[in-house]
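These notes are about the structure you will find just below.
All of the numbers you see were taken from the coordinates with simple rules; none came from a lab. Bear in mind the structure is a predicted one, so any value in this text is a computation, not a measurement. Glycine gets a Cβ as well: all are built from the backbone with ideal geometry, and neighbour counts include every protein chain shown.
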Amino acid sequence: MLHVTKVDLFHGASQALRQVGLTARVGQITCVLGRNGVGKSSLMRAVVGLQAVASGRLVWENRDITHLPAHARARSGIAYVPQGREIFPLLTVEENLQTGFAPLPRALRHVPDEIFELFPVLRDMLARRGGDLSGGQQQQLAIARALVTRPRLLVLDEPTEGIQPNLIQEIERVIRLLAARGTMAILLVEQYFEFARALADAFVVLDRGEVVMAGTAGELRENEVRRHLTV
Ligand SMILES: Nc1ncnc2c1ncn2[C@@H]1O[C@H](COP(=O)(O)OP(=O)(O)OP(=O)(O)O)[C@@H](O)[C@H]1O
Ligand SMILES: [Mg+2]
C-alpha cells in the first residue's frame, strides 16, 4: 500500500501541490484525474522520487520513502511509465527493455516471457529501433520496460495520451489484467473520464494542486468529476 500525506511541492517559487494525500492499494487501480497543469505529473514524479517534496510524507509498504532517491525506490518495487513515454528512440526494442534491468539483481536480469504475452507485438519488433514504433507501440514498450522490474507499484502517467482508440483498449485490457492479479498497486493519471471510470477502483481529482474530490469507484459522481475536468 502507498500512502501519500500532506504533500507540498514547489517548482522554484511556484507551488504545484498543496497538502495532497492519496492511498493506492495492492490489487486496485487508483486514478488521478484533473485538467492540464493541475499537478498530476508533479505528484507522480514525487511518488517515484524524481521530484523532492517540500513537506509531507510518502509511505510505501510501511516504509517511509519520502527522502529515498529514485533508484532506491525502483529497487523497492516502484516502477514508472512517464508521460510522453520517454523510450530511447535509437535503442532497439530489446535494448529499451533491458534498460529496465538497472534495479534488478543479476539473477532477474532477463525479460519475463509474460511481457510478450501481454504485448505480443513487442516480440516481433525486438530488433527494431524504438523510434520506428508507432505512438501506441511505444506506449506498450514503455509499460513493458516498467514491468521488466517486476514492480509492486506501477505508476502510469497518461498512458492513453495521443494514442489511437484501438490501442487505448489494448492498454486498458493490460492494466485491468495486471490489477486483477492482485500483486500490484496501480496509480494511473488520466484526463479521460471514460477511461478512468472503466478502470478505477478509487479516484482522486486534483485541481490547481489540491485534492478536490476523492473516493471509491462507487462514489464517483460523473457530473461533479466532469466539472473539474472541463475548462
Ligand atoms: N520543471 C518545472 N519547472 C517549473 N514549473 C513546472 C515544472 N514542471 C511543472 N511545472 C508547472 O507545475 C504545474 C503542474 O504541472 P504538472 O506537469 O504537474 O501538471 P499536469 O497536471 O501533469 O499537467 P498535464 O495535464 O499537462 O500533464 C504547472 O503549472 C506546470 O507549468
Ligand atoms: Mg502531466
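If you take the Cα centroid of region 165-185 and the Cα centroid of region 1-67, the two points sit 22 Å apart.
P(r) tail for region 2-229, what percent of Cα pairs lie past 22 Å? Don't jump to the answer; show the numbers that get you there.
Values: 12862 of 25878 pairs.
Percentage above 22 Å: 50.
Note on region 4-62: Cα convex hull, mean projected area over all directions, 4.2 nm². Relative contact order, whole percent, for the chain stands at 30, derived from Cα pairs under 8 Å and 6 or more residues apart.
Taking Cα atoms only, the orientation of helix 165-180 departs from the longest principal axis of the chain by about 80 degrees. Distances between placed amide hydrogens fall under 5 Å for residue 65 paired with 58, 59, 60, all partners being 5 or more residues away or on another chain. Derived scalar couplings between HN and Hα for region 20-25 equal 7, x, 6, 10, 10, 9 Hz in order, rounded to whole Hz, by the Karplus curve 6.51 cos²θ - 1.76 cosθ + 1.60 (θ = phi - 60°), x for Gly and Pro. The amide H of residue 207, built 1.01 Å from its N in the peptide plane, has 212 as neighbours under 5 Å, considering only residues 5 or more places off or on other chains.
For residue 188, the residues whose amide H sits under 5 Å from its own are 30, 31, 32, 156, ignoring neighbours fewer than 5 places away on the same chain, with H placed 1.01 Å from N.
Take the chain, mark every one of the trypsin sites (Lys or Arg not before Pro) that falls in a DSSP loop and has at most 11 other Cβ within 10 Å, then report the longest stretch left between them, sites excluded.
Values: sites that count: 181, 221.
Result for the longest clean stretch: 1-180.
Annotation: extensible slack from residue 222 through residue 35 equals 65.8 nm (criterion: 0.36 nm per residue apart, minus Cα-Cα distance). Across region 33-49, coupling constants 3J(HN,Hα) worked out from phi with the 6.51/-1.76/1.60 Karplus curve, θ = phi - 60°, read 10, x, 6, 4, x, 7, x, 4, 5, 4, 5, 5, 5, 5, 5, 8, x Hz, and Gly and Pro carry x.
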